[in-house]
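This report refers to the structure that appears directly beneath it.
The values are calculated or read from the model by the stated rules, or taken from the named source; none is laboratory data. Remember, it's a predicted structure, so these values are computed and weren't measured experimentally. Cβ sites come from the backbone with ideal geometry, for glycine too, and all protein chains shown count toward neighbours. Side chains are part of the model used for accessible areas, which takes the heavy atoms of the whole protein and leaves out ligands, DNA and RNA. Shrake-Rupley method; radii C 1.70, N 1.55, O 1.52, S 1.80 Å.
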Amino acid sequence: MFLTVTEPAIERIKTIQAQYPGKLALYYNRITGGYACGIVGTFSLKLLTSPSEELNATIDSTFGKIAVQKERLTDLSENVILDYKNSKNSLILRSDAGLINDDVTVLDNDNNKLF
């Protein structure tokens, strides 16, 4: 599995990390109640300032190694892309299978939304 982080997304992440330093992780954030279609969460980015037992695997990316939850790897296809759309001020996660999340939030260690 490989995560392609586009140049616009890299620039956006670096801007966020300038204010909130931390190691980048791809995190599956469970939503209480889930959605009617059976989806129980969404992928977010986390800026880790301390280790997390939940994030127990890594994937390679154009941004370097990124921590992930091993049990969530099956939710991703081989070719995943993280992009940034300036017109929407939004990070977008997609794969060969289609759109995964059109508004990827950036969280801190305590799941507080940073962006």
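Details
- Filter pass, T42 being in contact with a strand residue (DSSP E or B) (Cβ under 6 Å, 6 or more places away or on another chain), open to solvent by 20 Å² or more (accessible area, probe 1.4 Å), of a type in the set (S, T, N, Q) and closer than 18 Å to D110 by Cα: yes
- Selection status of N86, touching a residue at least 60 places away in the same chain (Cβ under 8 Å), touching a helix residue (DSSP H, G or I) at 6+ places or on another chain (Cβ under 9 Å), at negative phi and open to solvent by 50 Å² or more (accessible area, probe 1.4 Å): yes
- Residues located in segment 56-72, provided they are open to solvent by less than 20 Å² (accessible area, probe 1.4 Å) and assigned to a loop (DSSP other than H, G, I, E, B): Q69
- Take the conditions (1) of a type outside the set (A, V, I, L, M); (2) at pLDDT 90 or above; (3) surrounded by 13 or more Cβ atoms within 10 Å (Cβ to Cβ); N29 misses just one of them, which is (2).
- Residue selected from segment 7-22 under the condition buried (at least 18 other Cβ atoms within 10 Å of the Cβ) and not hydrophobic (A, V, I, L, M, F, W, C), by the criterion modelled with the lowest pLDDT: G22
- Meets criteria (out of contact with any Gly (no Cβ under 6 Å at 6 or more places or on another chain), in contact (Cβ under 8 Å) with a residue 60 or more places away in the chain and under 20 Å from E11 (Cα atoms)) for T105: yes
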